[in-house]
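To start, the structure under review is shown below, and the notes come after it.
The values are calculated or read from the model by the stated rules, or taken from the named source; none is laboratory data. Please read all numbers here as calculations on a predicted model, not as lab measurements. We place every Cβ from the backbone using ideal geometry, glycine too, and count neighbours over all the protein chains shown. The protein model used for the area step is the full one, side chains on, heavy atoms only, and it has no ligands, DNA or RNA in it. Shrake-Rupley method; radii C 1.70, N 1.55, O 1.52, S 1.80 Å.
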Amino acid sequence: EAQVTQNPRYLITVTGKKLTVTCSQNMNHEYMSWYRQDPGLGLRQIYYSMNVEVTDKGDVPEGYKVSRKEKRNFPLILESPSPNQTSLYFCASSLSGYAGELFFGEGSRLTVL
Amino acid sequence: SQQGEEDPQALSIQEGENATMNCSYKTSINNLQWYRQNSGRGLVHLILIRSNEREKHSGRLRVTLDTSKKSSSLLITASRAADTASYFCATSGYNNAGNMLTFGGGTRLMVKP
């Protein structure tokens, strides 16, 4: 089954404790992206990747890092999480690059205390 | 930054009625997509309409695009309780932040049985 898998789905952590949210897709998509969703602000793009070893900033990259060492994986790293990073995070991938249909993961709800 | 803005923000209708949601955007686009999100879940792609298309159908969905007015509408005919969800438009095109696909704030649709 074609899917985008995120882990963990739920996480409560404390300020400053490094964490990684993994994202994996099994559709051989070149384009992958991370979004955060906050009430009243919609979905905002954090980082995206056009292909392996190619990443670029989205609208709200501050406080986040990403890497794309393999085509299927695109982890999101919070080196020193802060409470304003409490949010619902979505990973997405696309076969047709930035303009194509996005396939979304189920989301990772992160709370930073 | 949010390129698309949906209207209304919330819509409540009875089962069997039609639901119309609108999306306005500011700059030139390559295409416009509509997505659906059940509460707290990942977004699911519904339909993509290219900038040179005016209307597109998919089952009970009808999407129109008016590039002169920079607006699109999503019509769901003969709505069902299972259509209850949030609906987002997303525009594809270059913006100042460099990201390629930006989402609006969404319309929350409630279909009462």
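Keeping the other protein chains in place, figure out the carbon and sulfur percent of the accessible area of chain A, with a 1.4 Å probe.
Of all accessible area on chain A, carbon and sulfur atoms account for 52 percent.
Suppose all protein chains stay in the model; what accessible area per residue would a 1.4 Å probe give for chain A, in Å²?
47 Å²
If you take every DSSP beta bridge whose two residues both sit in region B:1-111, what share of them, in percent to the nearest 5, is antiparallel?
Percentage antiparallel, nearest 5: 90.
Using a Gaussian network model on chain A with a 10 Å cutoff between Cα atoms, which of A:Lys17, A:Lys57, A:Lys71 fluctuates the most?
Comparing A:Lys17, A:Lys57, A:Lys71 in the GNM, the peak value goes to A:Lys17.
Hand me the tally of lysine pairs in the protein assembly as shown: alpha carbons under 16 angstrom apart, and the pair either on different chains or 8 or more positions apart. Working shown, then result.
Details: A:Lys17/A:Lys65; A:Lys18/A:Lys65; A:Lys57/A:Lys65; B:Lys26/B:Lys69; B:Lys26/B:Lys70.
Number of lysine pairs found: 5.
Have a look at B:Phe88, B:Ala19, B:Gly42 and report the one farthest towards the positive end of the charge dipole of chain B, computed about the Cα centre with Cβ charges (Lys/Arg +1, Asp/Glu -1).
B:Gly42
Find the relative contact order for region B:4-113 and round it to a whole percent, using C-alpha pairs within less than 8 Å whose residues are 6+ positions apart.
On the way: 273 pairs, mean separation 42.0, N = 110.
That works out to 38 percent.
With only Lys, Arg, Asp and Glu charged, each at its Cβ (+1 for the first two, -1 for the last two), find how big the charge dipole of chain B is about the Cα centre; round to the nearest 20 debye. Spell out each step's value before the answer.
Numbers: 13 positive and 9 negative charges, 32 e Å.
With only Lys, Arg, Asp and Glu charged at Cβ, the dipole is about 160 debye.
Determine the dipole magnitude for chain A: charges of +1 sit on the beta-carbon of Lys and Arg, -1 on that of Asp and Glu, nothing else is charged, the reference point is the Cα centre, and the result goes in debye to the nearest 20.
Here the size comes out at about 340 debye.
State the antiparallel share, in %, of DSSP beta bridges confined to the protein assembly as shown, rounding to the nearest 5.
DSSP beta bridges in the protein assembly as shown are roughly 90 percent antiparallel.
Most mobile of A:Ser96, A:Ser82, A:Ser33 per a Gaussian network model of chain A (Cα springs, under 10 Å)?
In the Gaussian network model the winner is A:Ser96.
Could you check which residue among A:Pro61, A:Pro83, A:Pro75 shows the biggest mean-square fluctuation in a GNM of chain A with a 10 Å Cα cutoff?
Looking only at A:Pro61, A:Pro83, A:Pro75, the largest GNM fluctuation is found for A:Pro83.
Looking at chain B, which longest stretch skips every one of the trypsin sites (Lys or Arg not before Pro) that is in a DSSP loop with at most 12 other Cβ atoms within 10 Å, leaving the sites themselves out?
B:1-53
Any idea of the total accessible area buried by the B-A contact, 1.4 Å probe, rounded to 100 Å²?
Using a 1.4 Å probe, the pair buries roughly 1800 Å².
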